[in-house]
1. Restricting attention to segment 97-109, report how many residues are farther than 20 Å from HIS152 by Cα and open to solvent by 70 Å² or more (accessible area, probe 1.4 Å).
2. Is there a residue being farther than 21 Å from ALA306 by Cα, of a type in the set (Lys, Arg) and not in a loop (DSSP other than H, G, I, E, B) anywhere in segment 138-154?
3. Pick out the one residue from ALA6, ALA49, ALA76, ALA23 that is out of contact with any helix residue (DSSP H, G or I) (no Cβ under 8 Å at 6 or more places or on another chain), modelled with pLDDT of 95 or more and either closer than 23 Å to VAL160 by Cα or among the small types (Gly, Ala, Ser) (or both).
4. What are the residues in segment 104-129 that are in contact with a Leu (Cβ under 8 Å, 6 or more places away or on another chain) and in a helix (DSSP H, G or I), if any?
5. Determine the pairs where a residue that is more than 19 Å from VAL288 (Cβ to Cβ), located within segment 243-272, has a partner that is open to solvent by less than 60 Å² (accessible area, probe 1.4 Å) and in a strand (DSSP E or B) with Cβ atoms under 6 Å apart, the partner being 6 or more residues away or on another chain.
6. What pairs come out if I take residues in segment 192-206 that are under 15 Å from GLY63 (Cα atoms) and pair them with residues that are in a helix (DSSP H, G or I) whose C-beta lies under 7 Å away, six or more apart or interchain?
7. Residues PRO112, PRO155: which one is in contact (Cβ under 8 Å) with a residue 60 or more places away in the chain, farther than 28 Å from GLY63 by Cα and either open to solvent by less than 20 Å² (accessible area, probe 1.4 Å) or of a type outside the set (A, V, I, L, M) (or both)?
Amino acid sequence: MGRAEAIVTLTPLDPDEAMQQGAVAQALIAQLGAVVLGQPDALRDAVAALVARGHVLLEGVPGTAKTLLVRSLGLALGLEFRRIQFTPDLMPSDITGVNLLSGQGGAFNFRPGPIFGDLVLGDEINRAPAKTQAALLEAMQERRVTVDGTSHPLPDGFTVFATQNPIEFEGTYPLPEAELDRFMVKVLVGYPEQDIEQGILDRVLEGFEADLPDSYGIARVADRDVLGRLRQTCRRVRVEPSLVRYLVAVVRATRNAPVLTLGASPRGSVSLLKMAQASALLDGRSYVVPDDVKALAPAVLRHRIAVAPELELEGVTQDAALKGIIEKIDVPR
């Protein structure tokens with residue numbers, strides 16, 4: 001006897017609804033931009049990934065507002081913010097939680113770890129060894145953790161924002177490929193321009209303190225229900241078959257490009273599709289265009305590929321390699 005399988009059909013998104021939901025997302029980005037100065041691309045990619053239900057890897061040198069970005073996002077959405085400081089001696093149970101023996105009847109009670117939050121900041125994730133980093137894998141993929149054989153679901157809004165210092169800094173470990181692949185995007189956070197840095201100092205003179213959220217001046221523009229609607233709406237953004245073929249061609253081209261020794265996985269294709277839908281929604285569109293795919297390919301794929309060692313020595317970056325690959329692929333009309 002055959003097994004009956006349910007087929008979920010999503011209703012195409014109405015243009016008016018797309019504009020309404022896009023305005024909500026833009027209001028969120030505007031609130032963040034008033035606090036995290038000079039990082040418009042990073043803010044947009046982070047919000048798009050959150051709407052697409054993806055995890056975010058933020059890479060940059062210390063002091064470039066990576067933690068501030070995530071904390072501000074939690075304030076603007078009214079979500080529970082948790083922070084985990086990764087260190088070389090951090091144990092997996094320090095992240096997921098433990099079963100503790102209670103005084104009554106000798107029963108074990110589960111004490112949740114800091115992973116049980118809406119926005120979970122894994123600060124300096126590449127300072128912990130692989131065993132501890134691996135504790136995030138199940139949580140990021142299945143949105144649940146298993147402790148002593150018992151599975152515990154994570155909150156609906158659960159999203160990991162991990163910060164990483166560039167690998168050449170002392171005391172860091174390279175992230176395993178399996179863990180990197182769980183991040184929907186890798187967002188690069190660089191130094192601000194001179195006028196922006198002066199603006200940061202002006203804000204400090206006006207009373208801003210990074211450790212005092214009340215000084216941020218952030219207004220809550222949404223909540224978990226609004227975020228849930230944004231996520232549902234994102235899934236209904238239309239993607240034409242020609243664009244699906246284009247997206248697949250971009251990802252598959254990374255697997256046989258001479259400049260790369262490692263191409264993107266099928267999870268990369270899924271992530272690029274969902275991010276393209278989120279980007280369209282942020283622009284108030286009910287449909288994806290080729291520019292959505294081209295613009296997001298670096299953020300979605302840069303951590304999923306490896307440049308050939310001899311070219312890497314010559315200074316070829318992942319982004320440069322991706323640009324060359326994408327330029328050779330015909331764009332649908």
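1. 3
2. Yes, segment 138-154 has at least one match.
3. ALA23
4. ILE125, ASN126
5. Pairs that qualify, where the first residue is more than 19 Å from VAL288 (Cβ to Cβ) and the partner is open to solvent by less than 60 Å² (accessible area, probe 1.4 Å) and in a strand (DSSP E or B), are THR254/LEU260; THR261/ALA306; LEU262/ALA306.
6. Listed by first residue and then by second, the contacts come to PRO192/ILE200.
7. Just one listed residue meets the conditions, PRO155.
Here's the yes/no breakdown for (1) touching a Lys or Arg at 6+ places or on another chain (Cβ under 8 Å); (2) open to solvent by less than 20 Å² (accessible area, probe 1.4 Å); (3) assigned to a helix (DSSP H, G or I); (4) of a type in the set (Lys, Arg):
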residue	(1), (2), (3), (4)
GLY22	yes, yes, yes, no
ALA25	no, yes, yes, no
LEU37	yes, no, no, no
VAL47	no, yes, yes, no
LEU57	yes, yes, no, no
VAL70	no, yes, yes, no
ILE84	no, yes, no, no
ASP89	no, no, no, no
ILE95	no, yes, yes, no
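The values are calculated or read from the model by the stated rules, or taken from the named source; none is laboratory data. Bear in mind the structure is a predicted one, so any value in this text is a computation, not a measurement. Positions of Cβ are generated from backbone atoms using ideal geometry, with glycine treated the same way; all protein chains shown enter the neighbour counts. Keep in mind that these areas ignore ligands, DNA and RNA; they rest on the heavy atoms of the full protein, side chains included. Shrake-Rupley method; radii C 1.70, N 1.55, O 1.52, S 1.80 Å.
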